[in-house]
Every structure is written in structure tokens, then in C-alpha cells.
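Remarks on the structure that follows.
The values are calculated or read from the model by the stated rules, or taken from the named source; none is laboratory data. Source: prediction; values computed, not measured. For neighbour counting, all protein chains shown are included, and Cβ atoms are generated from backbone atoms with ideal geometry for every residue, glycine included.
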Amino acid sequence: MRRRKKFNKRNRLNALTEINVTPLIDLAFALLIIFMIATPLLEQTIPINLPSEFAKPQSQIDSEVQVLSIDRSGRFYWGNNVVSDSKMSTLLKELAQSENSPILRIRADKQLEYNRVIQLIDLVKQHNLVKISLDTELK
């Protein structure tokens with residue numbers, strides 16, 4: 001005599017309680033790869049050949065940061081925008097009048113004339129801005 005299988009509701013519900021995590025793992029890996037590719041692109045886009053140092057970088061306090069750059073030809077940049085010497089002075093003056101002045105990261109090409117870097121630091125000091133960080137490349 002042949003036995004019939006009984007299909008009841010309980011057996012069908014047991015199969016639905018298990019979640020297939022394979023698509024979730026695939027999604028997690030895809031997001032990880034996207035962030036690994038996108039993170040280096042968030043770095044400054046101005047091509048500057050920074051001087052090198054052997055020391056480890058100091059950890060920065062959670063504070064606002066304004067990037068000032070000088071390229072190989074001596075042009076000043078406020079963030080990613082090229083500015084003249086007088087415009088840089090005006091922007092620094094406005095920054096000095098703000099309540100919480102940010103840390104000024106100065107990035108200068110290592111083949112740049114030293115005097116040009118001193119001119120920028122002098123502009124910063126004229127406006128009594130004291131939070132300065134000079135960027136270097138670690139060896």
C-alpha cells in the first residue's frame with residue numbers, strides 16, 4: 001500500500017522562516033568596494049608634490065579645516081579655487097573675524113620657492129590666525 005504525503009500548513013511555514021543572507025553579503029561587499037574606490041577620490045585634486053618626513057602624522061582634534069595650497073608655479077588656492085594674493089588676504093581677514101577659526105592646512109609643492117610659502121604664512125599671521133598645519137608626505 002502506498003502512503004500519501006500530507007502537506008499541511010506547518011511544514012510550509014517552516015521553510016519561509018529562513019532568510020537567505022547571500023544577497024545581503026553580496027550587497028555588503030559591493031558597498032565596501034564602492035567606498036574603497038571612492039575614499040581616495042575625496043582627497044584634494046590639486047596635484048602637489050609634497051615634501052617628505054619620517055615622523056608619523058599627529059592626530060588632529062575634531063575641528064573645521066580650511067585647506068590652503070600653493071602649486072608648483074606659485075598660485076594660491078583656497079580649497080580648490082585659484083585666488084590672487086589680495087583675495088587670499090581678504091578671505092583670511094573674513095576667517096579671522098569668525099568666532100571659531102578653523103585649522104589652516106597649508107599644502108605646498110616641494111619644488112616651490114621657499115619664499116612663496118613664507119609669504120602665505122606671513123599673510124596668515126597678519127590676521128592673527130594661529131592654528132596652522134603644514135602638510136607633508138610620509139616616507
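Here are the numbers for the structure shown:
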item: Contacts under 9 angstrom Cβ, first residue in the stretch 65-87 being in the same structural domain as Arg105 (by TED's automatic domain parsing) and more than 13 Å from Leu112 (Cβ to Cβ), partner acidic (Asp, Glu) and surrounded by 13 or more Cβ atoms within 10 Å (Cβ to Cβ), 6 or more apart; result: Val67/Asp135; Val82/Asp71
item: Candidate set: the stretch 1-56, residues that are acidic (Asp, Glu) and closer than 30 Å to Val117 by Cα; chosen: the one modelled with the highest pLDDT; result: Glu53
item: Test: Gln66 is outside any helix (DSSP H, G or I) and not aliphatic (A, V, I, L, M); result: yes
item: Residues (over 15 Å from Pro51 (Cα atoms) and assigned to a loop (DSSP other than H, G, I, E, B)) located in the stretch 69-78; result: Ser73, Gly74, Arg75
item: Search result, residues across the stretch 106-139 that are among the basic types (Lys, Arg) and over 17 Å from Ser89 (Cβ atoms); result: Arg107, Lys110, Lys131, Lys139
